Amino acid sequence: MISQTEENYLKALFSLTSQSGETSVNEVSKHLDLKMPTVNSMIKRLAEKNLVLYESYKPLKLTKEGKKQAALIVRKHRLTELFLVEKMGFSRDEVHSIAEQIEHIQSPEFFERMDKLLSYPKIDPHGSSIPDKDGNIASDHYLPLSTCHAGDIVTLMALQQSSEQLLQFLSSKELPFGSVLQIRFLELFDNSMVITYGHNREEVLSREVCEMLLVLK
């Protein structure tokens, strides 16, 4: 049995390893806003359960079983978010915290029925792929906006992970999924990015925001 805390760590590792396949204790610590010794202790526990590959001073990786369990947690979260939007009338920026609670329900039948009610969807409300009941997930071929360069023209497709604050930010900037962005300038000092979109609208996005936005070139 995997505890709720362990599930939260696995979900964080799923997000952090989605691009390169590896991460670090430091990155997990920052992602979860927890102290390094606390994170280190939990990572060792996950390694003992054969969910994480852990060696001192080496990158962290999810094992095959760890990837499956992490994907199943993400599946429950993304299905719940879609259910809340499509069946209960919540807006996209309201559902993350509710899904954070529901994702820990341990009944597979509960989520199988939710999946059926939604007609077996493939994409969540934020544009991310929903893993199937076996933990398999389609490759999106999306890239973090932060990896792009000045002059690139990209389409905003999804979020690296659900975030009510980020969705509210995008809404306030009238920047929906599907928006075509042109990268005008990269600020070397703080890695922020100047983009234009829509009718010549210009915005400055921080490095943190750019890392959270997934785009298609």
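So the values come out like this:
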read-out: Sole exception among (1) within 30 Å of Lys64 (Cβ to Cβ); (2) charged (D, E, K, R); (3) in a loop (DSSP other than H, G, I, E, B) for Glu174, by number; value: (1)
read-out: Residue check for Val85: touching a Pro at 6+ places or on another chain (Cβ under 6 Å), outside any loop (DSSP other than H, G, I, E, B) and among the β-branched types (Val, Ile, Thr); value: yes
read-out: Given (1) hydrophobic (A, V, I, L, M, F, W, C); (2) under 21 Å from Ala158 (Cβ atoms); (3) buried (at least 18 other Cβ atoms within 10 Å of the Cβ), index of the condition Phe90 fails; value: (3)
read-out: Selected residue (criterion: surrounded by the fewest Cβ atoms within 10 Å (Cβ to Cβ)) from residues of region 63-77 that are free of Cβ contacts under 8 Å to residues at least 60 places away in the same chain and out of contact with any helix residue (DSSP H, G or I) (no Cβ under 7 Å at 6 or more places or on another chain); value: Lys64
read-out: Some residue of region 206-214 being of a type outside the set (Gly, Ala, Ser), assigned to a strand (DSSP E or B), closer than 22 Å to Glu86 by Cβ and touching a residue at least 60 places away in the same chain (Cβ under 8 Å); value: yes
read-out: Lone qualifier among Ser97, Ser162 - being out of contact with any Cys (no Cβ under 9 Å at 6 or more places or on another chain), over 18 Å from Gln19 (Cβ atoms) and either among the hydrophobic types (A, V, I, L, M, F, W, C) or not in a strand (DSSP E or B) (or both); value: Ser97
read-out: Answer from Ser162, Ser171 - the residue that is loosely packed, with under 14 Cβ neighbours inside 10 Å, of a type outside the set (Phe, Trp, Tyr), within 22 Å of Val95 (Cβ to Cβ) and touching a residue at least 60 places away in the same chain (Cβ under 8 Å); value: Ser171
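Every number in this text was worked out from the coordinates using simple rules, so none of it is lab data. In this text the structure is predicted, and so the values were computed from the model without any measurement. Backbone-built Cβ (ideal geometry, glycine too); neighbour counts: all protein chains shown.
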